[in-house]
Amino acid sequence: MAVTGLCILGATGSVGCSTLDVVARHPERFRVVALTAHRQGERLLEQCRRFRPDVAVVDSVDAAERLRAGLDAAGVPTTVWHGEAGLIQAASLPEVTAVMAAIVGAAGLLPTLSAVRAGKTVLLANKESVVMGGALFMDEVRRHGARLIPIDSEHNAIFQCLPRDFAPGLDGAGVRRLLLTASGGPFRQFPAEQLAHVTPQAACAHPNWVMGRKISVDSATLMNKGLEVIEAHWLFGLPPERIEVVVHPQSVVHSLVEYVDGSVLAQLGHPDMRTPIAHALGWPQRLDVGLPLLDLVQIGQLNFEAPDRERFPALDLAYQALRAGGGAPVVLNAANEAAVAAFLANRLPFTGIGELIGRVLAQLGGEPAGCWEAVIELDRRTRATCAAWLGGEA
Ligand code: NDP
Ligand code: MG
């Protein structure tokens, strides 16, 4: 079996660490070619000692010097690069066949795009890059012959429930609609009046999944599901009215595909990212990741309910941005990142996240974003608008 040369963008994060966990169980299948980090240089050093990549990338010259000193002391011959140029280069190295795109947020766009443009197999966790790029991103995938395999558990579930060759279109495959499941987050049952007072710590304490802080807050607002609706639209090519969200608090059913004959296929599993990661890394084979059996009797019940669109307005803002098209998803994503960062820094109440996004979307959502320069400029303008608004509020 061919050995996969792997680049992990965002190796020090939640998805990155789970990826290395899967890789470590199958050393004969993978060679770690490149690992990248942002702030967690120490963790990256540990990973380099263990997996001995050819290249490691950190954010700054100083961090690169520190990492190089640590590697020298440990006798590890990894080459160290830094900055966005280093990320872009790492993702397109000739020795790399598959790139795990697991940087969080818009920072992942250009490195992920670099992997796409180099025609790699892209294991896509960084949903923000598809939300921002939309049709431009998917055009690049087609033009460069890259293969996208979704890591997001919902999209990975849908991918598993679709026929092998669904690329020509889901209508031809007899698909009626996609159902994305959502856990509902930590505040699913909170009364509306309490939501203004919830803390970043409470928002990051997800009931089922252990994840990075940004996506944890996105799960609490339901913006994560909103971004996933947009992601599903681009990955699978169905219009927004055929992509629905259902709250499923146990996070055992990861998503469903309904066919025209009434068949509904679902993928089930523990809420553990190693399952979609292993699926994507091994595809089309299956890799053992050592998870316990799924004990349905012990789980007992699987519940489903409608999302509360009043308490969690972010979901409808995302549908609105998807329907509006143009630059609206870029604005949605950038405003969300700015709002979540402000909430995590105690500068914005939880309920202010949706308010800020709604306000900025109304202001800038009509702007076009027909080329990458326009996308990047609109992302920058949205962040500047949010910063001015947040500054004025403080
Ligand atoms: P984390 O915050 O845990 O990790 C993010 C990674 O990106 C870290 O390696 C971090 O480096 C790196 N990073 C952060 N900012 C930058 C930057 N400006 N430039 C370069 N690298 C950067 O996030 P998650 O692993 O939770 O999520 C990663 C992506 O996967 C997100 O897009 C998320 O939506 C998606 N995803 C995550 C899931 C999960 O279960 N966690 C599930 C489904 C999707 P460092 O830590 O060194 O600072
Ligand atoms: Mg998800």
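Descriptive notes on the structure:
- The residue among 108, 322, 187 whose Cα reaches farthest toward the positive pole of the charge dipole of the chain, with charges on the beta-carbon of Lys, Arg, Asp and Glu, is 108.
- Computed extension gain for residue 85 through residue 193, at 0.36 nm per residue and net of the alpha carbon distance, reaches 34.3 nm.
- FRET efficiency, residue 74 to residue 324 (Cβ-Cβ, R0 51 Å, nearest 0.05): 0.50
- Its relative contact order, with pairs defined as Cα atoms under 8 Å and 6+ residues apart, puts region 325-386 at 52 percent.
- Sequence-distant residues sharing a close amide H with residue 31 (under 5 Å, placed H): 4, 5, 6
- For the chain, radius of gyration divided by Kirkwood radius, i.e. Rg to Rh on alpha-carbons: 0.95
- Trypsin sites (Lys or Arg not before Pro), loop per DSSP, at most 14 other Cβ atoms within 10 Å - longest free stretch of the chain: 40-163
- Site pair residue 291 and residue 143 shows an inter-label distance of 3.7 nm when each label is modelled 7 Å from Cα along Cα→Cβ.
- The mean sequence separation of alpha-carbon pairs under 8 Å and at least six residues apart, normalised by the residue count of region 1-139, gives a relative contact order of 24 percent.
- Placing dummy labels 7 Å off each Cα toward the beta-carbon, the span from residue 42 to residue 261 is 5.8 nm.
- Nearby lysines by direct alpha-carbon distance to residue 214 (threshold 21 angstrom, same-chain neighbours under 8 apart not counted): 127, 225
- Backbone amide hydrogens, once placed in the peptide plane, bring residue 123 within less than 5 Å of 99, 100, 101, 149, excluding anything fewer than 5 places away on its chain.
- Per-residue Karplus couplings for region 187-202, computed as 6.51 cos²θ - 1.76 cosθ + 1.60 with θ equal to phi - 60°, are listed in order as 10, 3, 10, 6, x, 3, 5, 7, 5, 5, 10, 6, 9, x, 4, 5 Hz, Gly and Pro entered as x.
- Charge dipole (Cα centre; +1 on Lys/Arg Cβ, -1 on Asp/Glu Cβ; no other charges) of the chain amounts to roughly 560 debye.
- Whole-number D in µm²/s for region 4-150 (Stokes-Einstein; Kirkwood sum over Cα pairs; 4 °C, 1.567 mPa s): 87 µm²/s
- Rounded FRET efficiency, nearest 0.05, which uses the C-beta distance separating residue 164 from residue 316 and R0 of 30 Å: 0.30
- Under the simplified labelling scheme, the residue 176-residue 25 pair shows an inter-label distance of 3.6 nm, with each label point 7 Å from Cα along Cα→Cβ.
- Under a 5 Å amide H cut-off, with hydrogens placed 1.01 Å from N, residue 57 pairs with 35, 36, 37, 81 among residues at least 5 apart or on other chains.
- Residue exposure proxy: 270, 197, ordered by other Cβ atoms within 10 angstrom of their Cβ from fewest to most, comes out as 197, 270.
- At least 30 Å along the helix axis (C-alpha) and Kyte average at least 1.6, DSSP helices within the chain: none
- With contacts taken as Cα pairs under 8 Å at a separation of at least 6 residues, the chain carries a relative contact order of 14 percent.
- Cα centroid separation - region 244-297 against region 334-394, whole Å: 33 Å
- Counted without the sites themselves, the longest stretch of the chain free of GluC sites (Glu not before Pro) in a DSSP loop having at most 16 other beta carbon atoms within 10 Å is 96-309.
- In this Cβ point-charge picture (+1 for Lys and Arg, -1 for Asp and Glu), region 14-115 has a dipole of about 280 debye about its Cα centre.
- Dipole magnitude of region 64-221, debye to nearest 20 (Cβ charges: Lys/Arg +1, Asp/Glu -1, about Cα centre): 200 debye
- Lys/Arg +1, Asp/Glu -1 at C-beta; the chain dipole; positive extreme among 126, 255, 390: 126
- Debye log10 I(q)/I(0) at q = 0.14, 0.19 Å⁻¹ for region 325-386, Cα point scatterers: -0.35, -0.60
- A full extension of the chain between residue 268 and residue 299 corresponds to an added length of 10.0 nm, given 0.36 nm per residue minus the alpha carbon distance.
- Lys/Arg +1, Asp/Glu -1 at C-beta; the chain dipole; positive extreme among 76, 269, 173: 76
Here, each number is a calculation from the coordinates, and none is a lab measurement. Because the structure is a prediction, the values reported are computed rather than measured. Please note: Cβ atoms are built from the backbone with ideal geometry, for glycine as well, and neighbour counts cover all protein chains shown.
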